[in-house]
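Okay, so here's the structure we're looking at.
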Amino acid sequence: MADLRRAARLVVNSPAVVESIGQVSMSLHPNLAAVFKRVEADTSTIGKRFPAVVRDLSTNGAFISGPTLPLLSRVALKFEVRGIGAIDAVGWVLWQRADDCELPSESGPVTLPKGFGILFESIPLETRAQIASLVAGK
């Protein structure tokens with residue numbers, strides 16, 4: 001199976017804590033409010049906190065194996081990666097896999113686990129650089 005993702009991935013198996021956090025509300029001047037549009041985070045799971053596992057990681061985001069969250073949930077994520085240490089990140093759920101899925105391959109079936117993909121909104125620049133180095137094998 002070809003990997004067609006834009007960002008190279010680091011395969012990890014790191015326990016994580018995920019929390020649905022919502023987003024900060026904004027007060028806008030009425031003139032701006034009349035023309036301003038913003039993606040709103042899903043609010044149905046705010047405060048939900050659960051253990052999960054980071055399965056792969058890039059400088060842009062991660063795949064989290066575990067219970068799924070609604071699309072456009074905003075999450076805080078805490079986990080560790082060997083060679084980097086503790087990572088605290090904030091991201092948005094951009095896709096989800098509602099259940100495990102088996103796909104055929106030349107070497108036998110491959111099971112893709114239930115979970116969701118996040119796009120990082122906030123992660124320290126130094127951490128992004130360390131992830132890039134690990135992905136590049138440096």
> Does the range 5-20 include one or more residues that are free of Cβ contacts under 8 Å to residues at least 60 places away in the same chain, of a type in the set (D, E, K, R) and more than 29 Å from Ala132 (Cα to Cα)?
Replying inline: no
>> Go through the range 20-42 and report how many residues are in a loop (DSSP other than H, G, I, E, B) and surrounded by fewer than 14 Cβ atoms within 10 Å (Cβ to Cβ).
In response: 13
> In the range 82-122, how many are over 19 Å from Ala16 (Cβ atoms) and charged (D, E, K, R)?
Replying inline: 3
> What residue, of Arg97, Arg82, is within 19 Å of Pro15 (Cα to Cα), at pLDDT below 95 and among the charged types (D, E, K, R)?
Replying inline: Arg82
> Take the residues of the range 49-81 that are among the polar types (S, T, N, Q) and in contact with a Leu (Cβ under 9 Å, 6 or more places away or on another chain): which is nearest to Gln23 (Cα to Cα)?
Replying inline: Asn60
>> I'm trying to understand the selection: among the residues of the range 81-122, which are of a type in the set (A, V, I, L, M) and either within 20 Å of Leu69 (Cα to Cα) or out of contact with any helix residue (DSSP H, G or I) (no Cβ under 6 Å at 6 or more places or on another chain) (or both)?
In response: Val81, Ala86, Ala89, Val90, Val93, Leu94, Ala98, Leu103, Val110, Leu112, Ile118, Leu119
> (1) without any contact (Cβ under 8 Å) to a residue 40 or more places away in the chain; (2) assigned to a strand (DSSP E or B); (3) of a type outside the set (Lys, Arg): which one isn't true of Glu126, the others all being true?
Replying inline: (2)
>> Restricting to the range 77-112, and then to whatever is assigned to a strand (DSSP E or B) and polar (S, T, N, Q), can you tell me which residue is surrounded by the most Cβ atoms within 10 Å (Cβ to Cβ)?
In response: Gln96
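The values are calculated or read from the model by the stated rules, or taken from the named source; none is laboratory data. Just so we're clear, the structure is a prediction, and the values are computed from it rather than from any experiment. Reconstructed Cβ throughout: ideal geometry from the backbone, glycine too, with neighbour counts over all protein chains shown.
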